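A short reminder: the numbers here are calculations on the coordinates, not readings from a lab. It should be emphasised that the depicted structure is a prediction, and the values quoted were computed from it without experimental measurement. Backbone-built Cβ (ideal geometry, glycine too); neighbour counts: all protein chains shown.
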Amino acid sequence: AKEFNAEQVRSAFLVISATDDEQLNRRVFLVAESQQKLVNVVDDQEHCSFIFPSIIDRDPIQVAISSSGTAPVLARLLREKLEALIPQHLGKMAAISGRWREKVKQKLKTVTERRRFWENLFNGRFSQLLKNRQPELAEQELECQLQQDYQGGSVSLVGAGPGDAGLLTLKGLQEIQQADIVLYDALVSEDILELVRRDAERVFVGKRAGDCSVAQQETNQLLLDYAKQGKRVVRLKGGDPFVFGRGGEELEVLAEQQIPFSVVPGITAGIGVTAYAGIPLTHRDYAQSAIFITGHRKQDAADIEWQTLARSNQTLVIYMGTLKATDIAERLRYFGRAASTPVAVISQGTRPTQKTLIGTLANLSELAEAAPMPALVVIGETVKLHTKLAWFGEQKPLQKRPHFTLDSLRIERVA
């Protein structure tokens with residue numbers, strides 16, 4: 001081995017020093033710096049003018065992961081996780097797409113048409129054929145898709161969940177990332193809206209009892225108009241669109257006009273919010289059934305069967321029930337539910353501002369009046385478990401939390 005001297009650096013483009021001699025490493029750094037050469041001293045961040053990221057190579061696609069030199073082992077572990085997640089055929093997909101890019105541009109004149117074409121292609125049979133190592137058939141599929149002339153729009157009815165962005169489904173995230181326009185409700189949280197594709201148009205069509213709101217007929221017409229303009233429309237609703245979300249009514253209008261649509265279920269508030277409040281809906285000792293009802297109904301709707309709802313050993317989950325809390329409590333007590341029955345009013349559930357008020361059927365109206373909106377009413381013996389099982393937000397008990405490890409990411413391998 002040769003001894004180091006300054007002349008060895010003069011003809012180099014970049015310099016790496018990886019010896020066990022700290023003084024020598026520092027000398028190499030100073031010489032390289034004096035000659036304006038890029039230099040990296042291994043495991044010595046202060047003496048590096050550049051760093052080596054961990055690379056995921058799917059030529060021509062490359063992903064670089066860096067911790068800015070602070071935690072290279074962590075960056076390597078993250079690379080290993082992402083290696084398992086990113087398909088091996090991604091590079092081949094990009095290479096073929098590059099060869100066809102000009103032809104696609106000639107066929108499809110607008111940016112929106114081209115973006116939609118590529119998104120459909122990458123999420124469809126073209127990708128599957130490349131995964132199966134059939135590139136010739138994949139190119140035939142690309143050509144076939146390019147010849148299709150359908151320019152009409154579509155609507156995806158997506159449940160956004162109760163508020164916590166972590167409860168949005170993967171399919172829901174994919175839909176809002178591919179949308180041209182998103183029509184969203186008042187119950188969709190800001191955290192969810194932040195996940196919408198940046199250049200997608202957002203249109204508020206919210207409804208809230210007691211406040212000014214967009215009429216349902218107007219929302220229906222907007223869905224039709226945007227779809228007929230050829231746009232990919234997402235109708236984003238809090239919770240699940242088929243649980244007191246009027247999703248069925250909106251899809252009936254689309255079906256009558258033969259507009260293509262799909263549905264992405266969401267976690268309804270009755271399940272998500274009660275879980276975050278530590279209130280099981282069923283429990284072998286307290287409740288053998290759970291009933292979801294709404295406190296806000298059409299004026300000509302048939303009366304609720306209060307005698308059935310007043311039975312013991314069941315949990316009632318009431319959506320939009322705070323404005324009718326006094327009437328609800330009176331009806332249930334009249335038909336036999338005890339005034340001492342535990343109740344909870346959970347406001348802004350699953351969000352950092354979640355607040356849970358606990359009482360009994362006797363003071364439900366006072367709890368509802370004090371509760372911030374939106375709020376969910378829960379009535380039944382399982383509410384008693386809240387003090388023992390509360391884990392989120394202001395009620396979270398002091399307990400030892402598990403340490404974060406990369407193994408806890410649980411990313412499944414994708415072929």
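A few points about this structure:
- In this simple spin-label approximation, R101 and E249 carry label points 7 Å from Cα along the Cα→Cβ vector, and these lie 4.7 nm apart.
- Cα-only radius of gyration and Dmax that characterise region 154-266, units Å: 12.7, 35
- Rounded to 5, percent antiparallel among DSSP beta bridges of the chain: 45 percent
- Computed over region 90-147, relative contact order equals 33 percent, with contacts defined as Cα pairs under 8 Å that lie 6+ residues apart.
- Its relative contact order, with pairs defined as Cα atoms under 8 Å and 6+ residues apart, puts the chain at 12 percent.
- Phi-based couplings in Hz for region 9-18 (Karplus 6.51, -1.76, 1.60; Gly and Pro marked x): 7, 4, 8, 8, 7, 9, 10, 10, 10, 9
- Computed over Cα pairs, the Kirkwood radius of region 7-85 leads via Stokes-Einstein (1.567 mPa s, 4 °C) to a diffusion coefficient of 93 µm² per second.
- Mean separation of Cα contacts under 8 Å, 6 or more apart, over the residue count of region 270-395: relative contact order %: 34 percent
- For region 276-285, backbone phi angles converted through the Karplus equation (6.51, -1.76, 1.60; θ = phi - 60°) give residue-by-residue couplings of 5, 8, x, 10, x, 6, 10, 7, 4, 8 Hz, Gly and Pro being listed as x.
- Max mean-square fluctuation residue, GNM over the chain, Cα-Cα springs under 10 Å, options L157, L77, L389: L77
- Expressed as a fraction of 2.2 N^0.38 Å, the value expected for a compact globular protein of N residues, the C-alpha radius of gyration of region 232-337 is 1.29.
- Length added when fully stretched, Q35-R10, from 0.36 nm per residue minus Cα-Cα: 8.3 nm
- The ellipsoid equivalent to the alpha-carbon distribution of the chain has semi-axes of 53, 34, 17 angstrom, derived from the gyration tensor eigenvalues as √(5λ) and listed largest first.
- Whether region 90-147 is rounded, prolate or oblate, judged on the alpha carbon gyration tensor where a/c under 1.5 counts as rounded: prolate
- Percentage, to the nearest whole number, of Cα pairs in region 270-395 over 26 Å apart: 13 percent
- Helical contribution to [θ] at 222 nm, DSSP H n ≥ 4, -39,500 (n - 2.57), averaged over the chain, rounded to 500: -10500 deg cm²/dmol
- Separation of alpha-carbon centers, region 260-309 and region 91-160, rounded to whole Å: 41 Å
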